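The values are calculated or read from the model by the stated rules, or taken from the named source; none is laboratory data. Computed from a predicted model, the values in this text were never measured in an experiment. Here Cβ is always computed from backbone atoms with ideal geometry, including for glycine, and neighbour counts include all displayed protein chains.
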Amino acid sequence: MTVAFWILALLLIASAIFVITAQKPVHSVAGLLAHFLFLAITYFMLSAEFLGVIQLIVYSGAILMLFVFVIALLSSGVAPFAVGPDRLPKIAAPAVVIIAILLGFVAYAVSREPAVTPALHGVASGPVGTAGVFGSVADFGHALFTLNLLPFEITAFILMVAVVGVILLAGDHVPYVPTRRRARLVESDMREAIVRAGEE
């Protein structure tokens, strides 16, 4: 267990350094995905299956897709996208093998007896999933919405500001018409431009 922990620690540090040193944003996203996966494995080693699954679903899924969405918005219109070769036939077989292995792990986890977690930070030990046990839904919710409520809300606010900022940066630069008077002026200018174009 100790050796596995140190290996995961080194992988976490290496993937974090790769995220901030990669030359391309897409490579940084790939490094961040690896970092999230290593962190989820660490949670599973601590018998916190719920936290590990949430790490995979929320961060590796939703948050990472948000980063990809931001990169796509910022890079849109910079250069035309070139159609590359069809790589789907080459990755179909490895993808099926990986999915089968993951399903095997899931089936094993469901079929085995509930694990017993040691007491940690005053939290009672017991079967995984029981209320009040380290890594359970109740323990996670209590820590999130009591002790860590302010950091949780600050993180949500920062993500919202980031999305709004990206939309403003990548949005259309057509001026907004806030009043009816401005709308009439724009309409009259357009009519005059059409008339002048017809006269020419």
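I'm trying to understand the selection: among the residues of the range 11-48, which are β-branched (Val, Ile, Thr) and closer than 23 Å to PHE140 by Cα?
ILE41, THR42
Tell me which residues, restricted to the range 8-25, are farther than 12 Å from LEU39 by Cα and surrounded by 11 or more Cβ atoms within 10 Å (Cβ to Cβ).
Across the range 8-25, the qualifying residues are ALA14, ILE17, PHE18, VAL19, ALA22, PRO25.
Can you pull out every residue in the range 138-185 that is modelled with pLDDT under 75 and loosely packed, with under 10 Cβ neighbours inside 10 Å?
Hits for the range 138-185 are LEU168, GLY171, ASP172, HIS173, VAL174, PRO175, TYR176, PRO178, THR179, ARG180, ARG181.
At pLDDT 85 or above and hydrophobic (A, V, I, L, M, F, W, C): does that describe PHE38?
yes
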